[in-house]
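Engineer: First, the structure itself, so that you have it in front of you.
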Amino acid sequence: MRVEELPVDERVKKVVLERGIEELYPPQAEALKSGVLKGRNLVLAIPTASGKTLVSEIVMVNKLLREGGKAVYLVPLKALAEEKYREFKEWEKLGLRVAATTGDYDSTDEWLGRYDIIVATAEKFDSLLRHGARWIDEVKLVVADEVHLIGSYDRGATLEMILTHMLGKAQILALSATVGNAEELAEWLDAALVMSDWRPVQLRKGIFHLGTLVWEDGKVERYPENWYSLVTDAVKRGKGALVFVNTRRSAEKEALALSKLVSGYLTKPEKRALERLASELEDNPTSEKLKRALKGGVAFHHAGLSRAERTLIEDAFREGLIKVITATPTLSAGVNLPSFRVIIRDTKRYSNFGWVDIPVLEIQQMMGRAGRPRYDKFGEAIIVARTEEPGKLMERYIRGRPEKLFSMLANEQAFRSQVLALITNFGVSSFRELISFLERTFYAHQRKDLSSLEYKAKEVVYFLIENEFVDLDLEDNFMPLPFGKRTSQLYIDPLTAKKFRDTFPAIERNPNPFGIFQLIASTPDMATLTARRREMEDYLDLAYELEGELYASIPYYEDSRFQGFLGQVKTAKVLLDWINEVPEARIYETYSIDPGDLYRILELADWLMYSLIELYRLFEPKAEVLQYLRDLHLRLRHGVREELLELVKLPNIGRKRARALYNAGFRSQEDIMRAKVKDLLEVEGIGIKVVEGLFRYFGVEMPGEIKGATKRSGRKKRGTLDAFLK
DNA sequence: GAGTGTACTTCAACCCCGCTGCGGA
DNA sequence: GGTTGAAGTACACTC
């Protein structure tokens, strides 16, 4: 189908044509003929990179231009929200306004009302729904990207509930990878279904075993025995490779090993560019390894890396400077990062229940990364058989069909939160109403029988009533209580909230950081570290030493909670170090964690600390305790001791600069306001830009000579992604 | 004959990912 | 359940 022939607004066609697209891919054409342009719901199940985004753009923009209202585009990852935001920005030239919102930047409501296309993570949109933002009624279209995540154990329920809420109120366009039961999903959503395996870049799949590479069609190629040869072969041909492994340690090890082999194929300028790239990285044990790997044109990629490091690597790989990335599954479902060759070293992974086969769906998503549109005529995805039998792998992952999707609504933690939200934020006022809502879910559609879910719902409701999240009136109608409503808006697990509330009296008696941090670490919303075998004794000792500060009792060795408890102690200790200004590098070393892990712990602790305070405020707080908690929250956010709290409030002053200023004798905002520019510049880490920012903050004129050299105030609009990114 | 280097075998420890709140001059 | 680095072992070689 030609773009010219599309039955859409002329302006839409013009923009698409300007991109150089004149002809639509067959599945795109089929999708657009399905009635989706006339308002019909659609499930589009096609491989990644076969043009789902373009379809959704055309549908969104056409609808907005013709009918007004808003479109919401849901993604599973923050990084994807940024990626889509950048892509959709192009449509602003038609007068539409595009915004992105995730937990990272900007908060709720009203400013979003000014935008037409809103990109959000599913959880963020769920949260917006709970807060009852007024503009929600104007949403005419919901695009759910990666909708197969409805089958994810911990996050699937959120997506399912959002779609249940919006079903009937807005048009729904669900984008999915190929799954086993797309029909079922389409039936539930009362949607047309378009399925296809068509790809713009052909994909060849094969199994490698001891030097023999067998392609799907039976063709055989010979290589040296070690699978490394698959990588070097790709590089030799001027292409890149993406290697998937199942542990961080393996990613790092293979990167270093491959680096030695690949470095021989690099040109002099490439080597220089890579050196430059490596020098941009900060110094910590993991970065050191990364730097070594980079010198050979190879990088590893996993969640231990900071976001900046990840982006740096992704960009350099896209440019072709980095030839090979070894990655854990962070990359399989993340941002768009294709490669000529994809090599899958592992097909099993460790879970709580021991080793399990990685689902077909996931392996196929990894394989789908092979082949770069515009550069490659075809892509190659190769699974390495090491311990598994090659034949079995061929059957399961290459010829086999992906799994069916199953509703995860019944997952207890998720269900608890969702039931609470229905009662406190969505006006569900009786058990009967609750059930009738649940009848519209994918769970009900799929299982037909609601009795076991009903039983669970009953248990949850009892729990909520018993713990005063909700009350019953004389006619047995639900009455939301402030505690319940706030819990739901804070987006925390009711169990976390209960735990907090139960601990308030103890906190009032003896407020202290260690106790509070252990409490936070013990909630189901926190991702705690695990204590390694040889660390266990140390943390147990620490717990006994500080027993008086804990709000929980120390479990016995035989107790099933023992392991978890030590992990919580370890996490609390990390947080304690953080607020006592232990340098990051030392924290990484002491606890053998990576920057990404620390960032994650701090982010979670920050959010939970805020929630703790907000809930405490509901229960006749003592002023001095409240102040104590607020100060602790600030210390946690900035990673400083108490005496620096005043300084870190200043713009561009973090824990390092604040400490430097303090040690140089500038101990209050007053001191700084009165200081001479020259003296401030003497302080380590303080440059002219920082000083300029300080002066602007105080509303003081800069002395003349300096002012001229540093003018520029790129005031960005608040709440947009631009502001966040810069 | 003790010390050192090296190649090899055992052995226990460790094991992917991600989202959510809110408000400041 | 399988990989990995570290500890342990055996053995040859050097001074």
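The values are calculated or read from the model by the stated rules, or taken from the named source; none is laboratory data. Everything numeric in this text was worked out from a predicted model, so none of it was measured. Note that we place each Cβ from the backbone using ideal geometry, even for glycine, and neighbour counts take in every protein chain shown. Side chains are part of the model used for accessible areas, which takes the heavy atoms of the whole protein and leaves out ligands, DNA and RNA. Shrake-Rupley method; radii C 1.70, N 1.55, O 1.52, S 1.80 Å.
Engineer: What percent does the relative contact order of the stretch A:141-191 come to when contacts are Cα pairs within less than 8 Å and at least six residues apart? Spell out each step's value before the answer.
Structural biologist: Values: 43 pairs, mean separation 24.0, N = 51.
Relative contact order, the stretch A:141-191: 47 percent.
Engineer: Nearest 5 percent is fine: what portion of the DSSP beta bridges confined to chain A is antiparallel?
Structural biologist: Details: 16 of 67 bridges.
Taking every DSSP beta bridge within chain A, about 25 percent pair in antiparallel fashion.
Engineer: Please name which of A:Pro524, A:Gln28, A:Phe340 has its Cα lying farthest along the dipole of chain A towards the positive end, using unit charges on Cβ (Lys, Arg +1; Asp, Glu -1) and the Cα centre as origin.
Structural biologist: Looking along the dipole axis, the top candidate is A:Phe340.
Engineer: Using Cα-only point scatterers and the Debye equation, what is log10 of I(q)/I(0) for chain A at each q in 0.07 Å⁻¹, rounded to two decimals?
Structural biologist: Debye intensities relative to I(0), on a log10 scale: -0.57.
Engineer: Round to a whole angstrom and tell me the spacing of the C-alpha centers of the stretch A:122-185 and the stretch A:264-316.
Structural biologist: 37
Engineer: Which lysines have a Cα lying under 20 Å from the Cα of A:Lys498, excluding residues fewer than 8 positions away in the same chain?
Structural biologist: Answer for A:Lys498, where 20 Å is the Cα cut-off: A:Lys456, A:Lys458, A:Lys485, A:Lys622, listed by chain and number.
Engineer: To continue, here is another question. Once both labels are modelled 7 Å past Cα along the beta-carbon direction, what's the A:Thr212-A:Thr267 spacing in nm?
Structural biologist: So the two model labels end up 4.0 nm from each other.
Engineer: Hey, with R₀ at 56 Å, roughly what FRET efficiency would A:Glu22 and A:Glu403 work out to, going by the Cβ-Cβ distance, to 0.05? Don't skip to the answer; put the middle values down first.
Structural biologist: Values: r = 37 Å, r/R0 = 0.67.
After rounding, the FRET efficiency stands at 0.90.
Engineer: Using per-residue counts of other Cβ atoms within 10 Å, averaged over each peptide, order A:689-699, A:290-300 from highest down. Present the calculation step by step, with values, prior to reporting the outcome.
Structural biologist: Numbers: A:689-699: 16.3, A:290-300: 24.7.
Descending packing order for the listed peptides: A:290-300, A:689-699.
Engineer: Under 21 Å between alpha carbons, and skipping anything fewer than 8 positions from A:Lys205 in its own chain: which lysines qualify?
Structural biologist: A:Lys219, A:Lys236, A:Lys239, A:Lys323, A:Lys348, A:Lys377, A:Lys392
Engineer: Counting only protein heavy atoms, what percent of the accessible surface of chain A is carbon or sulfur at a 1.4 Å probe? Working shown, then result.
Structural biologist: Values: 16400 of 33390 Å².
Percent of accessible area from carbon and sulfur atoms in chain A: 49.
Engineer: While we're looking at this one, here's another question. For the pair A:Val335 and A:Lys289, what calculated FRET efficiency results from E = 1/(1 + (r/R0)^6), where r is the Cβ-Cβ distance and R0 = 22 Å, to the nearest 0.05?
Structural biologist: So the FRET efficiency works out to roughly 0.45.
Engineer: Based solely on C-alpha atoms, express the radius of gyration and the Dmax of the stretch A:31-115 in angstrom.
Structural biologist: So, for the stretch A:31-115, Rg and Dmax equal 13.6, 38 Å respectively.
Engineer: Ok, one more. Per residue, what volume in Å³ does the convex hull of the Cα atoms of the stretch A:77-159 enclose?
Structural biologist: Working: hull volume 8.3 nm³, N = 83.
Hull volume normalised by residue count: 100 Å³.
Engineer: Follow-up question, since we're still on this one. Based on the mean of other beta carbon atoms within 10 Å per residue, what is the order of A:357-367, A:457-467, A:527-537, A:70-80, most packed first? List each step's numbers first, then the result.
Structural biologist: Numbers: A:357-367: 20.3, A:457-467: 16.7, A:527-537: 15.2, A:70-80: 23.2.
My ranking of the peptides, most packed first, is A:70-80, A:357-367, A:457-467, A:527-537.
Engineer: Sticking with this structure for a sec: Could you derive backbone 3J(HN,Hα) for the stretch A:436-448 from the dihedral phi with the Karplus parameters 6.51, -1.76 and 1.60 (θ = phi - 60°), listing whole Hz in sequence and x where the residue is Gly or Pro?
Structural biologist: 5, 5, 4, 5, 8, 7, 5, 3, 5, 4, 7, 8, 6
Engineer: Report the one residue of A:Phe483, A:Leu149, A:Gly297 whose Cα lies farthest in the direction of the positive end of the charge dipole of chain A (charges on C-beta: Lys and Arg +1, Asp and Glu -1; origin at the Cα centre).
Structural biologist: Among A:Phe483, A:Leu149, A:Gly297, the one farthest towards the positive end of the dipole of chain A is A:Gly297.
Engineer: I'd like the distance between the alpha-carbon centres of the stretch A:416-438 and the stretch A:558-627, rounded to an integer number of Å.
Structural biologist: 33
Engineer: How long is the gain from A:Arg114 to A:Met1 if the chain were fully straight, where each residue apart is worth 0.36 nm and the alpha carbon distance is subtracted? Don't skip to the answer; put the middle values down first.
Structural biologist: On the way: separation 113, 0.36 × 113 = 40.68 nm, distance 3.49 nm.
Value of the extension gain: 37.2 nm.
Engineer: What shape does the stretch A:536-599 have by the C-alpha gyration tensor, where a ≥ b ≥ c are the square roots of the eigenvalues, rounded means a/c under 1.5, and otherwise prolate means a/b greater than b/c and oblate the rest?
Structural biologist: On the way: a/c = 2.49, a/b = 1.75, b/c = 1.42.
Cα axes put the stretch A:536-599 in the prolate bin.
Engineer: Per residue of the stretch A:532-537, what does 6.51 cos²θ - 1.76 cosθ + 1.60 with θ = phi - 60° give for ³J(HN,Hα)? Whole Hz please, x for Gly and Pro, Karplus curve as stated.
Structural biologist: 6, 3, 7, 8, 3, 4
Engineer: Residue by residue through the stretch A:347-355, what is 3J(HN,Hα) from phi via Karplus (6.51 cos²θ - 1.76 cosθ + 1.60, θ = phi - 60°)? Round to whole Hz and write x for glycine and proline.
Structural biologist: In residue order, the calculated couplings are 10, 10, 8, 7, 10, 4, 9, x, 7 Hz.
Engineer: Now for a separate question. Quick check on chain A: helices-only [θ] at 222 nm, where DSSP H runs of length 4 and up contribute -39,500 (n - 2.57) each and the sum goes over total residues. Nearest 500, please.
Structural biologist: On the way: 33 runs with 341 residues, N = 726.
For chain A, the value works out to -14000 deg cm²/dmol.
Engineer: With a probe of 1.4 Å, find how much accessible area chain A has per residue, and write the answer as a whole number in Å². Please list the in-between numbers first.
Structural biologist: Numbers: 33390 Å² over 726 residues.
Value for chain A: 46 Å² per residue.
Engineer: So what is the relative contact order for chain A, in percent, with contacts set as C-alpha pairs under 8 Å and at least six apart?
Structural biologist: Working: 1127 pairs, mean separation 78.3, N = 726.
Over chain A, the number comes to 11 percent.
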